[in-house]
Structure formats: structure tokens, C-alpha cells
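What follows is one structure encoded as C-alpha cells, with my remarks underneath.
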Amino acid sequence: MGKANVIAIDGPAASGKSSVAAAVAERLNIPYVNTGNMYRAVALAAMSEGYETADSETKRLEILSSVLKNIKLEYVESEGILRLLLDGENVEAAIRTPDVAEQVSAIAAVPEVRSWLVDLQRKFAELGLIVMEGRDIGTIVFPNADYKFFLTASPEIRAKRRLEQSGETFDGATLESVAAKIAKRDEMDTSRAVAPLRKANDAVLIDSSDKSLEQVVELVVSNVEAGIPRTPKMECAMGKTTTMEYRVAYADTDKMGVVYYANYLVYFERLRNELLRDAGLPYAEMEKRGVMLPVVEAVCNYKKAAEYDDLLTISGWVEETGKTHVKICCEVRKNGNLLVSGHTVHVCVDIGTWRPIRFPEFMRSVLERRTPAR
Ligand code: DC
């Protein structure tokens, strides 16, 4: 799959992403999308529906799924700038309150919220070159972005910047209390199971602790203007197929010096892991929700052999979903040439009883995201 026309800027809270992203967009005269604001808007909508941290997980999930069903979130252009509208109203001021900042990290960790927003964010690629800022733009939303930057700054500097931003902190906040809140959000953003905050392998790291805004903007713009090429380690397709790269290890090969045939089933499993994560629900998270997907059928067709140190491209998609079973197809290629193709069939079972069950609604929408149109 090709590259995405995106300048991805990721980084922790108060690292200066928004100011940098907005300034870069202005310099290059292209649209700017702040995805943190989208998470904040969902948090705002949930809070107005009575979402409270003290409620049970079931109640919180119920509120969130009803919010996702009912709200309309969009960026609409006004005077050359994209404005975030929630149900038709500009909420850019309403989402910058300490209350929203308190709730948003927990809400941003919920897989349904993430996949709903990621689907929306990927549509922006149709606009041509854009700047998109967030936590997972270079890793999950656009792993194939043309340009990737990871912005960071020391915790002290970030606390100082946050304190200077109006409306973001409670009255009477001190440098220490703000630093503690930022550290808590960093912890939640980096340790969550789905799309944790991390630098993409191929992102340019910029520590802005001792740099002015202008200097950082200059760095980003000069990288973009120079068209510095990236080599993506792993490309998850924006479409319905998940793709990953894998380099064959010595341990994978047999006495004939080729990849041992059974190992392709292990490669298929690696791919399925990425596929579910990519669709918004890592397998481990699914098991936490009481569902397992044991394999009941595995098929492999071998056309050509792979050898030690070959760089393989493994891709896969959901071929078919029944009431209780799903068929996932996989292909292994080298330099575009098909080596192995196959599939596995899985049955959805209850983790306690091991009895087959119908796919719960949350699984259907996850699988749907990786089912190509026929
Ligand atoms: O950048 P910000 O502080 O406005 O982001 C608000 C929250 O949303 C923050 O807790 C991290 C989360 N977020 C995310 O998980 N993924 C993104 N792409 C953007 C923001």
C-alpha cells in the first residue's frame, strides 16, 4: 500500500504538539487536525450524559456506546481553518476545561472510542497533505504517514507550559500539582492496552525542552520540505487488510535451510494479533471481555520457500464471519511474490465454559473493520 499524505505529530501531554502542528500547518498552508480535541469532545458528550469515573465499568461503557451512536463529530472549514463541531456546535472552548482533562485519558483508553475515532481520522487522508496531531497518529492511525515526528520535553517544562495555558488547570494549581497530573496522564496514555503512546520506530524525535516554538516549527518544516524518505518497518494498511513485515530468523529455518513449514502458522498468528489490534481490540483485551477464538481449522498452501534473513510481508483480512465462526485469510510474500497463502477458522467461545457462543456485538464491529468489500 502507498504512503499517506500526512505529517504525523505525536507526543505526550503539554509537549507543545498543538502549537507546533498549528504553526506547521499555517506555514505550509494545509489543514490541521487535532485528534486530542476529538477525544475531548467525546469526553464532553459523555459527561453531559452523566458519565462519572465513580460509576461501574458497565454503566460507563453503556453511556459511551450510546454517545458514539448518537453524536455527530466533524471538522468543518471556516476561514481556512478546520473547526471541531459536536452536533453542529463549536466546542473548542468547552473541551479545554480541567474537568474534561480529568476524564479524557480514561475515556481515550476504551477500545470502542478509539476505533470509532480512528475510522473518522483516517477519512482526513482524502484532503491531500494534512498535519495531524495526537498520540497514535504515526503508529496506528497512519503508520504509513509520509512524515512522522515525536515531540517531547522534560516533565518540568511541560508542567510550566500547561500552567501558562489558560483554562487547562484548576484555580490554585501549582507547578507541583500540574506536574503530578501530567505524570498521571502520561502513565495512563502509555500503559493502556490499546494504542499506547509511543514513538514510531521511524519517527523523528524532537526534544523541545530547550527550543523555542519557532525552532521546532523550522525543524519540522525543513524535514518536510527536504522530503526526507522514511522506510516503514511495519505498514498496517489503511484499507481493510492488515500488513506487517517480518525478517526470518535462524531459529525459523529447518535442516533444509528454509522456513520450517509449520512456522507459517505462527506467522499467521502474529498477523492476526496485529489485525485485531489494528481494528481496535487487541486479543488480550478480548479475552478480558470473556471471549476466546480457538483455531478449529488451519490451511496452508506452499508455493515457494523463504530463507534465513528474508524480509517477508505478511498480510491478512477477515474472509467470512458466521454466527459463531470467523475465517481469516493470510498471505506471505517476498518482494511482492506470493510464497504461502492460507487461512484459519476460529470459533467464538465463552472463556469460562469453552462453549461456542454467538459473536458479541463488540466483536462483530471489530471483525467488520477488517472485512474487505466483495
Ligand atoms: O492532546 P490532548 O491532551 O488534548 O489529548 C487529550 C487526551 O486524548 C489525552 O489523554 C490523550 C488522548 N489522545 C489519544 O489517546 N490519542 C490521540 N490520538 C490523541 C489524544
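Would it be correct to say that TYR75 is hydroxyl-bearing (Ser, Thr, Tyr), in contact (Cβ under 8 Å) with a residue 40 or more places away in the chain and closer than 26 Å to LEU127 by Cβ?
Considered against the rule, which asks whether it is hydroxyl-bearing (Ser, Thr, Tyr), in contact (Cβ under 8 Å) with a residue 40 or more places away in the chain and closer than 26 Å to LEU127 by Cβ, TYR75 comes out as yes.
Assess whether LEU86 counts as being under 22 Å from LEU197 (Cβ atoms) and either more than 16 Å from the ligand (Cβ to nearest atom) or touching a helix residue (DSSP H, G or I) at 6+ places or on another chain (Cβ under 6 Å) (or both).
Answer is no for this residue.
Of the numbered conditions (1) under 30 Å from PRO155 (Cα atoms); (2) not in a helix (DSSP H, G or I), TYR75 satisfies every one except a single condition; which is it?
Status for TYR75: all satisfied but (1).
Consider region 298-340. How many of its residues are of a type in the set (A, V, I, L, M) and within 18 Å of THR253 (Cα to Cα)?
8
For MET47, state whether it is within 12 Å of the ligand (Cβ to nearest atom), out of contact with any Lys or Arg (no Cβ under 7 Å at 6 or more places or on another chain), within 30 Å of ARG364 (Cα to Cα) and not in a loop (DSSP other than H, G, I, E, B).
Here the answer is no, as MET47 does not meet what is asked.
Is it the case that TYR75 is surrounded by fewer than 23 Cβ atoms within 10 Å (Cβ to Cβ), over 25 Å from LYS181 (Cα atoms) and of a type in the set (Phe, Trp, Tyr)?
For TYR75, the condition - surrounded by fewer than 23 Cβ atoms within 10 Å (Cβ to Cβ), over 25 Å from LYS181 (Cα atoms) and of a type in the set (Phe, Trp, Tyr) - is met.
Report, ordered by the first and then the second residue, all pairs with beta carbons closer than 9 Å, sequence separation of six or more or different chains, a first member in region 264-276 that is within 22 Å of ARG364 (Cβ to Cβ), and a second member that is among the aromatic types (Phe, Trp, Tyr).
Note: pairs meeting the criteria are LEU271/TYR246; ARG272/TYR283; ASN273/TYR283; LEU275/TRP317; LEU276/TYR283.
Here is a list: VAL67, VAL20. Which entry is at pLDDT 95 or above, assigned to a helix (DSSP H, G or I), more than 14 Å from the ligand (Cβ to nearest atom) and touching an Asp or Glu at 6+ places or on another chain (Cβ under 9 Å)?
VAL67
Right, GLY138: within 14 Å of the ligand (Cβ to nearest atom), surrounded by 21 or more Cβ atoms within 10 Å (Cβ to Cβ) and over 28 Å from ASP99 (Cβ atoms) or not?
Against the criterion (within 14 Å of the ligand (Cβ to nearest atom), surrounded by 21 or more Cβ atoms within 10 Å (Cβ to Cβ) and over 28 Å from ASP99 (Cβ atoms)), GLY138 qualifies.
Looking only at residues in region 118-135 that are within 21 Å of GLU274 (Cβ to Cβ) and outside any strand (DSSP E or B), which one is farthest from the ligand (Cβ to nearest atom)?
Of everything passing the filter in region 118-135, ALA125 is farthest from the ligand (Cβ to nearest atom).
Which residue out of ASP119, ASP136, ASP186, ASP171 is at pLDDT below 85 and under 19 Å from the mean Cα position of the chain (by Cα)?
Within the list ASP119, ASP136, ASP186, ASP171, the selection yields ASP186.
Pick from region 360-373 the residues that are part of a loop (DSSP other than H, G, I, E, B) and touching a strand residue (DSSP E or B) at 6+ places or on another chain (Cβ under 7 Å): which of them is modelled with the lowest pLDDT?
The selected residue is PRO372.
Note down all Cβ pairs under 6 Å where the first residue falls in region 355-374 and is under 12 Å from VAL291 (Cβ atoms), the second is part of a loop (DSSP other than H, G, I, E, B) and modelled with pLDDT of 85 or more, and they're at least six residues apart or on different chains.
Within 6 Å, the pairs are PRO356/THR324; ILE357/CYS348; ARG358/LYS323; ARG358/THR324; PHE359/CYS348; VAL366/LEU281.
So ILE9 fits all but one of (1) assigned to a loop (DSSP other than H, G, I, E, B); (2) under 22 Å from LEU82 (Cα atoms); (3) of a type in the set (Val, Ile, Thr); what number is the exception?
Of everything listed in (1) assigned to a loop (DSSP other than H, G, I, E, B); (2) under 22 Å from LEU82 (Cα atoms); (3) of a type in the set (Val, Ile, Thr), ILE9 misses just condition (1).
Residues that are surrounded by 17 or more Cβ atoms within 10 Å (Cβ to Cβ), in a helix (DSSP H, G or I) and free of Cβ contacts under 8 Å to residues at least 60 places away in the same chain: does region 96-113 have at least one?
Looking through region 96-113, none of the residues is surrounded by 17 or more Cβ atoms within 10 Å (Cβ to Cβ), in a helix (DSSP H, G or I) and free of Cβ contacts under 8 Å to residues at least 60 places away in the same chain.
The values are calculated or read from the model by the stated rules, or taken from the named source; none is laboratory data. Predicted model only: the values in this text are computed from it and were never measured. All Cβ positions, even for glycine, are placed from backbone atoms using ideal geometry, and neighbour counts span all protein chains on display.
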